[in-house]
Amino acid sequence: MTQQPDWYTRGRRHVWLPYTQMQTVRPPLPVTSAKGVRLTLADGRELVDGISSWWATVHGYRHPHIEAAIQRQLETLPHVMLGGLAHEQAYILAERLAAMLPGDLNHVFYSDSGSVAVEVAMKMAAQFWLNQGQRRVKFLCFRGGYHGDTFATMSVCDPDEGMHSLFKGALLEQLVVDLPRNPAQEAALGELLDRHRGELAGIIVEPLVQGAGGMVFHDAFTLQALRRLADAHDLLLIFDEIFVGLARLGDDMFACRIAGVQPDIVTLSKALTGGTLPLAATIASARIYEGFLSDDPLHALMHGPTYMGNAMGCAAANASLDLFEQEPRLEQSRTIGRQLERLLAPARDLSGVRDVRVRGAIGVIQLDGTAPADLLSAACIARGVWLRPFRDILYTTPPLITNEADITQIATVMVEAVTEWSNETRG
Ligand SMILES: *Cc1c(COP(=O)(O)O)cnc(C)c1O
(Lines give C-alpha, C1' and ligand atoms only; values in the text may rest on other atoms or scores of the structure.)
Protein backbone atom coordinates (compact mmCIF):
# COMPACT_ATOMS: atom_id res chain seq x y z
CA MET A 1 0.00 0.00 0.00
CA THR A 2 1.14 3.49 -0.77
CA GLN A 3 1.03 6.34 1.73
CA GLN A 4 -2.47 6.59 3.27
CA PRO A 5 -4.23 9.89 3.98
CA ASP A 6 -3.63 11.44 7.40
CA TRP A 7 -7.32 11.24 8.48
CA TYR A 8 -7.25 7.53 7.81
CA THR A 9 -4.15 6.67 9.85
CA ARG A 10 -5.33 8.86 12.73
CA GLY A 11 -8.97 7.77 12.78
CA ARG A 12 -8.48 4.08 12.16
CA ARG A 13 -7.93 3.22 15.81
CA HIS A 14 -11.21 4.90 16.68
CA VAL A 15 -13.71 3.71 14.09
CA TRP A 16 -15.47 0.47 15.00
CA LEU A 17 -16.51 -1.27 11.80
CA PRO A 18 -19.76 -3.16 11.04
CA TYR A 19 -19.81 -6.97 11.24
CA THR A 20 -16.05 -6.93 11.67
CA GLN A 21 -13.60 -8.73 13.93
CA MET A 22 -11.42 -5.71 14.64
CA GLN A 23 -8.45 -7.82 15.75
CA THR A 24 -7.97 -9.46 12.38
CA VAL A 25 -9.67 -7.03 10.03
CA ARG A 26 -8.18 -6.31 6.63
CA PRO A 27 -7.79 -2.56 6.46
CA PRO A 28 -10.80 -0.94 4.78
CA LEU A 29 -10.15 0.95 1.54
CA PRO A 30 -10.12 4.74 1.93
CA VAL A 31 -12.49 6.26 -0.64
CA THR A 32 -12.08 9.92 -1.56
CA SER A 33 -14.85 10.41 -4.11
CA ALA A 34 -17.42 8.61 -6.22
CA LYS A 35 -19.22 9.31 -9.47
CA GLY A 36 -21.64 7.16 -11.44
CA VAL A 37 -20.71 3.55 -10.68
CA ARG A 38 -17.10 4.28 -9.74
CA LEU A 39 -15.40 4.73 -6.39
CA THR A 40 -12.07 6.58 -6.35
CA LEU A 41 -9.60 5.41 -3.71
CA ALA A 42 -7.07 7.55 -1.89
CA ASP A 43 -4.23 5.99 -3.88
CA GLY A 44 -5.92 6.99 -7.14
CA ARG A 45 -7.31 3.56 -8.07
CA GLU A 46 -10.88 3.34 -9.34
CA LEU A 47 -13.27 0.51 -8.52
CA VAL A 48 -16.61 -0.30 -10.16
CA ASP A 49 -19.11 -0.62 -7.30
CA GLY A 50 -20.85 -3.97 -7.73
CA ILE A 51 -22.93 -3.60 -4.55
CA SER A 52 -24.38 -0.06 -4.73
CA SER A 53 -23.27 0.66 -1.17
CA TRP A 54 -25.46 -1.97 0.44
CA TRP A 55 -28.06 -1.88 -2.36
CA ALA A 56 -28.87 1.80 -2.03
CA THR A 57 -27.08 3.75 -4.78
CA VAL A 58 -29.45 2.71 -7.57
CA HIS A 59 -29.00 5.84 -9.70
CA GLY A 60 -25.22 5.86 -9.26
CA TYR A 61 -23.18 8.24 -7.14
CA ARG A 62 -23.66 12.00 -7.37
CA HIS A 63 -26.59 12.01 -9.72
CA PRO A 64 -26.98 15.72 -10.55
CA HIS A 65 -30.78 15.67 -10.11
CA ILE A 66 -30.57 14.34 -6.55
CA GLU A 67 -27.60 16.52 -5.74
CA ALA A 68 -29.47 19.65 -6.84
CA ALA A 69 -32.53 18.71 -4.77
CA ILE A 70 -30.45 18.20 -1.62
CA GLN A 71 -28.58 21.45 -2.25
CA ARG A 72 -31.85 23.42 -2.65
CA GLN A 73 -33.27 21.88 0.51
CA LEU A 74 -30.08 22.56 2.48
CA GLU A 75 -30.36 26.22 1.62
CA THR A 76 -34.03 26.58 2.63
CA LEU A 77 -34.89 24.04 5.35
CA PRO A 78 -32.40 21.22 6.06
CA HIS A 79 -34.49 19.71 8.83
CA VAL A 80 -37.44 20.41 11.05
CA MET A 81 -39.18 18.16 13.57
CA LEU A 82 -42.34 16.43 12.34
CA GLY A 83 -44.04 16.69 15.73
CA GLY A 84 -46.38 19.66 15.35
CA LEU A 85 -44.62 21.03 12.25
CA ALA A 86 -44.95 20.15 8.59
CA HIS A 87 -42.73 20.56 5.57
CA GLU A 88 -43.32 20.27 1.86
CA GLN A 89 -40.96 17.44 0.90
CA ALA A 90 -42.27 14.97 3.51
CA TYR A 91 -45.87 15.66 2.49
CA ILE A 92 -45.20 15.38 -1.24
CA LEU A 93 -43.21 12.18 -0.71
CA ALA A 94 -45.97 10.56 1.37
CA GLU A 95 -48.55 11.32 -1.30
CA ARG A 96 -46.27 9.92 -4.01
CA LEU A 97 -45.48 6.71 -2.10
CA ALA A 98 -49.18 6.16 -1.41
CA ALA A 99 -49.92 6.57 -5.13
CA MET A 100 -47.16 4.15 -6.15
CA LEU A 101 -48.05 1.38 -3.72
CA PRO A 102 -51.04 -0.82 -4.54
CA GLY A 103 -54.46 -0.63 -2.93
CA ASP A 104 -54.97 1.48 0.15
CA LEU A 105 -51.39 1.42 1.45
CA ASN A 106 -51.83 5.13 1.99
CA HIS A 107 -50.41 6.03 5.40
CA VAL A 108 -46.70 6.79 5.66
CA PHE A 109 -44.74 6.82 8.91
CA TYR A 110 -41.16 8.08 8.46
CA SER A 111 -38.01 7.00 10.24
CA ASP A 112 -34.29 7.13 9.64
CA SER A 113 -33.18 3.57 9.00
CA GLY A 114 -34.48 0.27 7.74
CA SER A 115 -34.28 -1.44 11.12
CA VAL A 116 -36.35 1.30 12.70
CA ALA A 117 -38.90 1.12 9.89
CA VAL A 118 -39.29 -2.60 10.70
CA GLU A 119 -39.50 -1.88 14.44
CA VAL A 120 -42.29 0.57 13.65
CA ALA A 121 -44.07 -2.00 11.47
CA MET A 122 -43.90 -4.55 14.31
CA LYS A 123 -45.10 -2.00 16.84
CA MET A 124 -47.92 -0.94 14.51
CA ALA A 125 -49.07 -4.52 14.06
CA ALA A 126 -48.92 -5.36 17.77
CA GLN A 127 -50.63 -2.15 18.82
CA PHE A 128 -53.31 -2.57 16.16
CA TRP A 129 -54.48 -5.60 18.17
CA LEU A 130 -53.78 -4.05 21.60
CA ASN A 131 -56.02 -1.13 20.63
CA GLN A 132 -58.80 -3.72 20.23
CA GLY A 133 -58.04 -5.25 23.60
CA GLN A 134 -56.19 -8.25 22.17
CA ARG A 135 -52.72 -9.08 23.40
CA ARG A 136 -51.11 -10.49 20.25
CA VAL A 137 -47.51 -9.41 20.08
CA LYS A 138 -45.62 -12.26 18.44
CA PHE A 139 -44.79 -12.70 14.78
CA LEU A 140 -44.51 -15.52 12.31
CA CYS A 141 -41.17 -15.11 10.55
CA PHE A 142 -38.93 -17.22 8.34
CA ARG A 143 -35.66 -19.08 8.25
CA GLY A 144 -33.25 -17.18 6.02
CA GLY A 145 -34.97 -13.89 6.81
CA TYR A 146 -33.26 -10.63 7.70
CA HIS A 147 -35.03 -7.54 8.98
CA GLY A 148 -32.39 -5.49 10.80
CA ASP A 149 -29.93 -5.38 13.67
CA THR A 150 -31.93 -3.85 16.54
CA PHE A 151 -33.30 -6.15 19.25
CA ALA A 152 -36.88 -6.49 17.99
CA THR A 153 -35.77 -6.88 14.37
CA MET A 154 -33.11 -9.44 15.35
CA SER A 155 -35.92 -11.51 16.87
CA VAL A 156 -37.59 -11.89 13.45
CA CYS A 157 -34.33 -12.71 11.62
CA ASP A 158 -33.17 -16.27 11.01
CA PRO A 159 -32.47 -17.49 14.56
CA ASP A 160 -29.46 -19.61 13.66
CA GLU A 161 -27.80 -17.12 11.43
CA GLY A 162 -24.35 -16.06 12.68
CA MET A 163 -24.99 -12.38 13.16
CA HIS A 164 -27.73 -12.83 15.74
CA SER A 165 -27.62 -16.41 17.03
CA LEU A 166 -25.48 -15.23 19.94
CA PHE A 167 -28.48 -13.42 21.39
CA LYS A 168 -30.77 -16.43 21.32
CA GLY A 169 -32.83 -16.40 24.49
CA ALA A 170 -32.35 -12.67 25.02
CA LEU A 171 -34.67 -11.82 22.15
CA LEU A 172 -38.45 -11.63 21.87
CA GLU A 173 -39.76 -15.10 21.21
CA GLN A 174 -41.19 -15.51 17.71
CA LEU A 175 -42.58 -18.35 15.65
CA VAL A 176 -39.92 -19.21 13.05
CA VAL A 177 -40.63 -21.56 10.14
CA ASP A 178 -39.51 -22.34 6.60
CA LEU A 179 -41.18 -20.38 3.83
CA PRO A 180 -44.11 -22.38 2.41
CA ARG A 181 -43.23 -23.23 -1.18
CA ASN A 182 -46.07 -25.59 -2.16
CA PRO A 183 -49.68 -26.37 -1.19
CA ALA A 184 -48.65 -29.14 1.25
CA GLN A 185 -46.37 -26.75 3.14
CA GLU A 186 -49.09 -24.10 3.09
CA ALA A 187 -51.51 -26.58 4.67
CA ALA A 188 -48.97 -27.60 7.33
CA LEU A 189 -48.32 -23.97 8.18
CA GLY A 190 -52.07 -23.45 8.45
CA GLU A 191 -52.23 -26.18 11.07
CA LEU A 192 -49.36 -24.66 13.00
CA LEU A 193 -51.12 -21.29 12.99
CA ASP A 194 -54.26 -22.97 14.31
CA ARG A 195 -52.25 -24.14 17.30
CA HIS A 196 -51.02 -20.58 17.93
CA ARG A 197 -54.39 -18.91 17.52
CA GLY A 198 -54.63 -15.62 19.39
CA GLU A 199 -50.86 -15.26 19.98
CA LEU A 200 -49.65 -13.73 16.78
CA ALA A 201 -49.94 -10.14 15.55
CA GLY A 202 -48.78 -10.86 12.05
CA ILE A 203 -46.46 -12.39 9.50
CA ILE A 204 -43.27 -10.64 8.41
CA VAL A 205 -41.44 -11.56 5.21
CA GLU A 206 -38.98 -10.19 2.67
CA PRO A 207 -41.04 -10.68 -0.49
CA LEU A 208 -39.50 -12.69 -3.38
CA VAL A 209 -35.86 -12.38 -2.25
CA GLN A 210 -34.40 -12.94 1.20
CA GLY A 211 -31.41 -10.61 0.96
CA ALA A 212 -28.95 -10.51 3.82
CA GLY A 213 -29.91 -14.09 4.70
CA GLY A 214 -28.11 -15.27 1.55
CA MET A 215 -29.98 -13.95 -1.51
CA VAL A 216 -32.48 -16.81 -1.60
CA PHE A 217 -35.45 -16.50 -3.98
CA HIS A 218 -39.02 -17.71 -3.78
CA ASP A 219 -42.06 -17.48 -6.07
CA ALA A 220 -45.22 -15.47 -5.91
CA PHE A 221 -46.93 -18.67 -4.69
CA THR A 222 -45.25 -18.28 -1.29
CA LEU A 223 -46.56 -14.74 -0.86
CA GLN A 224 -50.03 -15.65 -2.09
CA ALA A 225 -50.06 -18.52 0.40
CA LEU A 226 -49.01 -16.16 3.19
CA ARG A 227 -51.83 -13.79 2.24
CA ARG A 228 -54.32 -16.67 2.34
CA LEU A 229 -52.99 -17.83 5.71
CA ALA A 230 -53.02 -14.29 7.11
CA ASP A 231 -56.64 -13.86 6.03
CA ALA A 232 -57.71 -17.24 7.37
CA HIS A 233 -56.07 -16.61 10.75
CA ASP A 234 -56.75 -12.89 11.00
CA LEU A 235 -53.05 -11.93 10.95
CA LEU A 236 -51.47 -8.79 9.51
CA LEU A 237 -49.08 -9.32 6.62
CA ILE A 238 -45.91 -7.20 6.62
CA PHE A 239 -43.74 -7.01 3.50
CA ASP A 240 -40.23 -5.78 4.24
CA GLU A 241 -39.32 -4.33 0.83
CA ILE A 242 -36.26 -2.49 2.13
CA PHE A 243 -34.04 -4.46 -0.26
CA VAL A 244 -36.34 -5.61 -3.07
CA GLY A 245 -38.50 -2.49 -3.39
CA LEU A 246 -37.82 0.34 -5.86
CA ALA A 247 -37.00 -1.49 -9.09
CA ARG A 248 -34.30 -3.93 -7.94
CA LEU A 249 -36.34 -6.88 -9.25
CA GLY A 250 -37.02 -5.33 -12.66
CA ASP A 251 -40.61 -6.43 -13.28
CA ASP A 252 -42.20 -3.71 -11.20
CA MET A 253 -41.23 -1.08 -8.64
CA PHE A 254 -42.36 -3.26 -5.73
CA ALA A 255 -42.35 -6.99 -5.03
CA CYS A 256 -45.94 -6.84 -3.77
CA ARG A 257 -47.03 -5.66 -7.21
CA ILE A 258 -44.98 -8.34 -8.97
CA ALA A 259 -46.58 -11.05 -6.82
CA GLY A 260 -50.03 -9.47 -7.00
CA VAL A 261 -50.31 -9.66 -3.23
CA GLN A 262 -51.63 -6.85 -1.06
CA PRO A 263 -49.80 -6.62 2.28
CA ASP A 264 -51.13 -4.64 5.26
CA ILE A 265 -47.84 -2.91 5.99
CA VAL A 266 -44.77 -2.26 3.79
CA THR A 267 -41.32 -1.05 4.81
CA LEU A 268 -38.98 0.87 2.49
CA SER A 269 -35.48 2.32 2.89
CA LYS A 270 -32.13 1.58 1.18
CA ALA A 271 -32.79 2.86 -2.41
CA LEU A 272 -35.42 5.37 -1.25
CA THR A 273 -33.04 8.35 -1.38
CA GLY A 274 -30.92 6.80 -4.11
CA GLY A 275 -28.26 6.05 -1.53
CA THR A 276 -27.65 9.66 -0.53
CA LEU A 277 -29.24 10.20 2.89
CA PRO A 278 -30.70 7.90 5.54
CA LEU A 279 -34.48 7.71 5.31
CA ALA A 280 -37.04 4.96 5.78
CA ALA A 281 -40.80 4.61 5.66
CA THR A 282 -43.40 2.25 7.10
CA ILE A 283 -46.56 2.40 5.01
CA ALA A 284 -49.84 1.08 6.37
CA SER A 285 -53.18 0.28 4.81
CA ALA A 286 -56.34 2.18 5.68
CA ARG A 287 -57.50 -0.64 7.98
CA ILE A 288 -54.31 -0.46 10.08
CA TYR A 289 -54.36 3.33 10.21
CA GLU A 290 -57.99 3.41 11.25
CA GLY A 291 -57.19 0.97 14.05
CA PHE A 292 -55.34 3.83 15.75
CA LEU A 293 -58.15 6.40 15.43
CA SER A 294 -59.90 6.78 18.76
CA ASP A 295 -60.90 9.18 21.50
CA ASP A 296 -58.23 7.56 23.65
CA PRO A 297 -54.81 9.29 23.34
CA LEU A 298 -53.13 6.00 24.29
CA HIS A 299 -54.40 4.48 21.07
CA ALA A 300 -52.01 6.73 19.12
CA LEU A 301 -48.89 5.22 17.56
CA MET A 302 -46.28 5.94 20.20
CA HIS A 303 -43.20 6.43 18.08
CA GLY A 304 -41.27 9.43 16.78
CA PRO A 305 -37.61 9.31 15.78
CA THR A 306 -35.91 12.72 16.14
CA TYR A 307 -34.88 12.81 12.49
CA MET A 308 -38.05 11.28 11.06
CA GLY A 309 -38.99 12.74 7.71
CA ASN A 310 -35.70 14.68 7.52
CA ALA A 311 -36.27 17.36 4.89
CA MET A 312 -33.05 16.78 2.95
CA GLY A 313 -33.74 13.04 2.98
CA CYS A 314 -37.28 13.57 1.71
CA ALA A 315 -36.05 16.00 -0.97
CA ALA A 316 -33.52 13.36 -2.04
CA ALA A 317 -36.25 10.69 -2.08
CA ASN A 318 -38.54 12.86 -4.20
CA ALA A 319 -35.68 13.45 -6.63
CA SER A 320 -34.96 9.71 -6.61
CA LEU A 321 -38.63 8.99 -7.43
CA ASP A 322 -38.41 11.54 -10.29
CA LEU A 323 -35.55 9.51 -11.73
CA PHE A 324 -37.52 6.26 -11.42
CA GLU A 325 -40.28 8.02 -13.40
CA GLN A 326 -38.10 9.71 -15.98
CA GLU A 327 -35.40 7.16 -16.61
CA PRO A 328 -35.90 3.51 -17.60
CA ARG A 329 -34.79 1.92 -14.33
CA LEU A 330 -37.06 -1.13 -14.59
CA GLU A 331 -35.85 -1.84 -18.10
CA GLN A 332 -32.24 -1.32 -16.98
CA SER A 333 -32.80 -3.70 -14.11
CA ARG A 334 -34.15 -6.37 -16.49
CA THR A 335 -31.30 -5.81 -18.96
CA ILE A 336 -28.74 -6.21 -16.18
CA GLY A 337 -30.51 -9.42 -15.16
CA ARG A 338 -30.28 -10.87 -18.67
CA GLN A 339 -26.58 -10.00 -18.87
CA LEU A 340 -25.85 -11.49 -15.46
CA GLU A 341 -27.70 -14.70 -16.43
CA ARG A 342 -25.45 -15.12 -19.44
CA LEU A 343 -22.17 -13.96 -17.90
CA LEU A 344 -22.40 -15.79 -14.57
CA ALA A 345 -23.54 -19.09 -16.13
CA PRO A 346 -19.97 -20.42 -16.65
CA ALA A 347 -19.49 -20.46 -12.86
CA ARG A 348 -22.08 -23.25 -12.69
CA ASP A 349 -19.56 -25.84 -13.84
CA LEU A 350 -16.86 -24.93 -11.33
CA SER A 351 -16.01 -27.32 -8.56
CA GLY A 352 -17.14 -25.89 -5.22
CA VAL A 353 -20.02 -23.92 -6.73
CA ARG A 354 -23.43 -25.00 -5.48
CA ASP A 355 -25.67 -22.63 -7.42
CA VAL A 356 -25.72 -19.63 -9.72
CA ARG A 357 -28.91 -17.58 -9.72
CA VAL A 358 -30.18 -14.26 -10.96
CA ARG A 359 -33.34 -12.34 -10.20
CA GLY A 360 -33.71 -8.79 -11.53
CA ALA A 361 -30.46 -6.92 -10.98
CA ILE A 362 -29.24 -9.43 -8.39
CA GLY A 363 -26.59 -11.96 -9.42
CA VAL A 364 -25.40 -14.68 -7.05
CA ILE A 365 -22.70 -17.33 -7.09
CA GLN A 366 -23.30 -19.64 -4.14
CA LEU A 367 -20.43 -21.83 -2.94
CA ASP A 368 -20.54 -25.20 -1.20
CA GLY A 369 -19.50 -23.80 2.15
CA THR A 370 -18.60 -20.49 3.76
CA ALA A 371 -17.10 -18.19 1.14
CA PRO A 372 -13.44 -17.21 1.67
CA ALA A 373 -14.58 -13.58 1.85
CA ASP A 374 -11.20 -11.85 2.15
CA LEU A 375 -9.66 -13.89 -0.62
CA LEU A 376 -12.56 -13.42 -3.07
CA SER A 377 -12.91 -9.77 -2.21
CA ALA A 378 -9.17 -9.16 -2.77
CA ALA A 379 -9.30 -11.00 -6.11
CA CYS A 380 -12.17 -8.74 -7.23
CA ILE A 381 -10.50 -5.54 -6.02
CA ALA A 382 -7.30 -6.47 -7.84
CA ARG A 383 -9.45 -6.65 -11.00
CA GLY A 384 -11.06 -3.26 -10.38
CA VAL A 385 -14.41 -4.27 -8.87
CA TRP A 386 -15.77 -3.67 -5.37
CA LEU A 387 -17.67 -6.70 -4.06
CA ARG A 388 -18.18 -7.95 -0.52
CA PRO A 389 -18.97 -11.67 -0.26
CA PHE A 390 -20.76 -12.94 2.82
CA ARG A 391 -21.92 -16.30 4.18
CA ASP A 392 -21.61 -18.69 1.24
CA ILE A 393 -22.14 -16.23 -1.60
CA LEU A 394 -20.34 -13.86 -3.92
CA TYR A 395 -23.05 -11.58 -5.27
CA THR A 396 -23.63 -8.38 -7.14
CA THR A 397 -26.42 -5.79 -6.80
CA PRO A 398 -25.01 -3.12 -9.11
CA PRO A 399 -26.38 0.41 -9.50
CA LEU A 400 -29.27 0.13 -11.98
CA ILE A 401 -27.53 2.63 -14.30
CA THR A 402 -24.52 0.32 -14.75
CA ASN A 403 -23.80 -0.02 -18.47
CA GLU A 404 -23.12 -3.20 -20.39
CA ALA A 405 -19.33 -2.86 -20.30
CA ASP A 406 -19.29 -2.39 -16.51
CA ILE A 407 -21.72 -5.28 -15.91
CA THR A 408 -19.48 -7.41 -18.09
CA GLN A 409 -16.51 -6.42 -15.95
CA ILE A 410 -18.33 -7.14 -12.68
CA ALA A 411 -19.62 -10.54 -13.80
CA THR A 412 -16.37 -11.58 -15.46
CA VAL A 413 -14.43 -10.66 -12.34
CA MET A 414 -16.85 -12.68 -10.18
CA VAL A 415 -16.40 -15.75 -12.34
CA GLU A 416 -12.61 -15.27 -12.49
CA ALA A 417 -12.32 -14.86 -8.72
CA VAL A 418 -14.34 -18.00 -8.08
CA THR A 419 -12.45 -19.92 -10.79
CA GLU A 420 -9.13 -18.99 -9.21
CA TRP A 421 -10.34 -20.10 -5.77
CA SER A 422 -11.86 -23.27 -7.19
CA ASN A 423 -8.66 -24.22 -9.04
CA GLU A 424 -6.47 -23.58 -6.02
CA THR A 425 -8.57 -25.34 -3.41
CA ARG A 426 -10.52 -27.88 -5.38
CA GLY A 427 -7.76 -29.00 -7.79
C1 LIG B 1 -31.00 -3.67 5.13
C2 LIG B 1 -32.28 -4.24 5.53
C3 LIG B 1 -32.90 -3.88 6.75
C4 LIG B 1 -32.24 -2.97 7.75
O5 LIG B 1 -32.02 -1.69 7.25
P6 LIG B 1 -30.95 -0.75 7.98
O7 LIG B 1 -31.10 0.56 7.29
O8 LIG B 1 -29.61 -1.39 7.75
O9 LIG B 1 -31.29 -0.70 9.41
C10 LIG B 1 -34.12 -4.43 7.04
N11 LIG B 1 -34.74 -5.26 6.19
C12 LIG B 1 -34.18 -5.63 5.02
C13 LIG B 1 -34.92 -6.54 4.11
C14 LIG B 1 -32.93 -5.14 4.66
O15 LIG B 1 -32.37 -5.53 3.51
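Points worth noting:
- Options Thr57, Thr24; residue that is loosely packed, with under 14 Cβ neighbours inside 10 Å and hydroxyl-bearing (Ser, Thr, Tyr): Thr24
- Gly337, sole failed condition from (1) more than 21 Å from the chain's Cα centre (by Cα); (2) within 30 Å of Ile66 (Cα to Cα): (1)
- Looking across segment 369-378, the residues that are within 20 Å of Asp355 (Cα to Cα) and open to solvent by less than 50 Å² (accessible area, probe 1.4 Å) come down to Gly369, Ala371, Pro372, Ala373, Leu376, Ser377.
- Boolean, Arg228 is of a type in the set (Lys, Arg) and closer than 24 Å to Gln339 by Cβ: no
- Residue count, segment 268-314 (criterion: aliphatic (A, V, I, L, M) and within 17 Å of Gly60 (Cα to Cα)): 3
- The residue list Pro102, Pro78, Pro30, Pro5 contains one member that is under 23 Å from Val266 (Cα atoms) and modelled with pLDDT of 95 or more, which is Pro102.
- Of the helices (runs of 4 or more DSSP H) lying entirely inside segment 146-217, those containing at least 1 residues that are buried (at least 22 other Cβ atoms within 10 Å of the Cβ) and within 12 Å of the ligand (Cβ to nearest atom) are 151-155.
- Some residue of segment 308-328 being over 21 Å from Val116 (Cα atoms), open to solvent by 50 Å² or more (accessible area, probe 1.4 Å) and part of a helix (DSSP H, G or I): yes
- Reported count of residues in segment 109-145, each being hydroxyl-bearing (Ser, Thr, Tyr) and surrounded by fewer than 24 Cβ atoms within 10 Å (Cβ to Cβ), is 2.
- Residues of segment 245-287 classified as outside any helix (DSSP H, G or I), surrounded by 24 or more Cβ atoms within 10 Å (Cβ to Cβ) and free of Cβ contacts under 8 Å to residues at least 60 places away in the same chain, total: 1
- The residues of segment 400-416 that are of a type in the set (S, T, N, Q) and open to solvent by less than 20 Å² (accessible area, probe 1.4 Å) amount to a single one, Thr402.
The values are calculated or read from the model by the stated rules, or taken from the named source; none is laboratory data. As the structure is a prediction and not an experimental result, all values here were calculated from the model. FYI the Cβ positions are ideal-geometry reconstructions off the backbone, even for glycines, and counts take in every protein chain you see. Ligands, DNA and RNA are stripped out before the accessible areas are found, and what is left, the full protein with its side chains, is counted by its heavy atoms. Shrake-Rupley method; radii C 1.70, N 1.55, O 1.52, S 1.80 Å.
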